[in-house]
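The structure appears below as structure tokens.
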Amino acid sequence: GPRYELLTRGTFLDFYRQVGGTIFDVEEAKAVLAGMVARYPNLAVSLNTTFKELIIEDNELVGIKAIRNGQELNFYGRRFIDATQDADLATAAGVPYTLGAEDIGEKDRFQAVTLVFQLGDIDWQALERAVKGGQIKDAKISARAAWGFNSIAANYRPTTERVRLRGLNIARQNDGTVMINALHIFGIDGLSAASRAEAMELAKAELPAIVEFLMAQMPGFASARLLATAPELYIRETRHIEALYQLDINDVVFNRYFDDAIALASYPVDVQATSPYDAGYVYGNPKVYSIPFRSLVPQVINNLLVVGRSAGFTHLAAGSARVVPIGMACGDAAGVSAYYSLTVDKNFHELAVSSEDIKAIQALIVKTGGYLKDYKLSNPLEGHWAFAGLEFVNRWGLIVPGYDNDWKLEEPIKRIRFYYMTANALQRALGRHDLVQAKAGALSSYLETSDLTRAEAARLLLTYLDEDVAKLDGAGIVAAAAARGLLPIEHTGSEPYEVITGAEAYYATERLCALLKEVEEVEEVEGK
């Protein structure tokens, strides 16, 4: 949090204290979790159990069929919490969802999956000396962890473009072995068993070469041996269920606190690489934001909550909200909410619209160890004349502010950047691939890295609107664009050959899309 306090308390804090910190021994963590579960005699644990189908009676969810060790079992209840990685229960119940980056117009785009692997015979002291002695500039190390090493990983040449070695996250285990999270596998459908099997094959085939590379390049790794791989893939993203409220990237990076907050979070918006051609992006770094109760409540079904990475978060918001501590805090809140809903005999949809019931749930969350607080963080950008434009380009993933939240509002914008910003906005927000393709030739001169003037910005905007600007001079083009509401000349002035900044570009991009959407709506009405 803002004062470096832990925000995700409750079950996560209990676990964190028992395993001894952010880096832990895997076998020890298993024992800790088993012990935590054993504390509750009314909690029945069914291992090696997979969901099969729902049990519906009178159009109401009353139970699930599951398979345990080859035997079919029925589980009944009045309230259900779907904590599966992919929201399998909610999906089977007919809850709508989006896949990957579909909600920003990129339907087949998913974050890379990872296979964690274990190495033995590592000389930790040698690695520590190298890092602390400055031999490796972009790495950090402690007694239990080491991370960074991007300059080393960047030199690895994979045998296929389907995999890549990124910066290493290394966790030291009690027996001296290490777990490494660094191997990206691309083009994988996390919902497909065949695709997951392909990912495992690709990763395992690549690992001998990776180990050989690390032995040669990493201090302390000269005698390293591959011991094991994780039993399953680390899949960062599949479904995003549609909830009563979809947590958005702007909620996250602008530190919003909701009246129905049930958990707090602050993890950076870390969207890992989605293809071999990008390195992943950090879309902002919040101080503290909240998860609203409504983001756990799926549409359609009123006695079900969804927690974990597939809850009601957009693709970009999930870059932060997908991590385990936040999921555990949401899980605690879901359990409390289920208990409360039974005591007052109200379903989750009814609770979501009752401020009195939400306050009671919040009090129970705090009473049972959770942490909720409205930090009342101000957002100085809200009063900026370009804030609506900033939110728009941020919502569609058109800017990357990074860990420093650098929105580049006052930074001059390049011709090529403005071209791709508007083109991607039209394609993602409006699906206008046809328009972008049709105007590509006329706008080819914008594929340059020189600064963009106001007249040049106006010409591009009016070209997308099929305005004939050939006979207009710079001042005339700016005036025409301003008349259409595309340029904020009341804030920036109208000098045609002045270089424009990010703020003006964001404003113009949002207004262009809004204007084209209005035109489409009018044409649709006239067509009918």
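Just a few scattered comments:
- If only residues of segment 251-264 that are surrounded by fewer than 20 Cβ atoms within 10 Å (Cβ to Cβ) and of a type outside the set (Ser, Thr, Tyr) are counted, the one that is farthest from residue 323 (Cα to Cα) is 259.
- Of all residues in segment 80-93 being within 20 Å of residue 337 (Cα to Cα) and β-branched (Val, Ile, Thr), the one that is surrounded by the fewest Cβ atoms within 10 Å (Cβ to Cβ): 84
- Unmet criterion (only one of (1) buried (at least 23 other Cβ atoms within 10 Å of the Cβ); (2) in a helix (DSSP H, G or I)) for residue 366: (1)
- Among the residues examined, residue 125 qualifies as surrounded by fewer than 16 Cβ atoms within 10 Å (Cβ to Cβ) and at pLDDT 95 or above.
- Lone qualifier among 335, 284, 280, 327 - being among the small types (Gly, Ala, Ser) and in contact with a Pro (Cβ under 6 Å, 6 or more places away or on another chain): 284
- Looking at 408, 359, just one residue is crowded, with 16+ Cβ neighbours inside 10 Å and not acidic (Asp, Glu), and that residue is 408.
- Residues being part of a helix (DSSP H, G or I) and surrounded by fewer than 16 Cβ atoms within 10 Å (Cβ to Cβ) - total across segment 441-462: 2
- Members of segment 198-234 found to be assigned to a helix (DSSP H, G or I) and free of Cβ contacts under 8 Å to residues at least 40 places away in the same chain, listed by number: 198, 201, 208, 212, 215, 216
- Taken over segment 475-497, the residue count meeting the criterion of being outside any helix (DSSP H, G or I) and surrounded by fewer than 17 Cβ atoms within 10 Å (Cβ to Cβ) is 5.
The values are calculated or read from the model by the stated rules, or taken from the named source; none is laboratory data. Just so you know, these numbers come straight off a predicted model, no measurement behind them. Please note: Cβ atoms are built from the backbone with ideal geometry, for glycine as well, and neighbour counts cover all protein chains shown.
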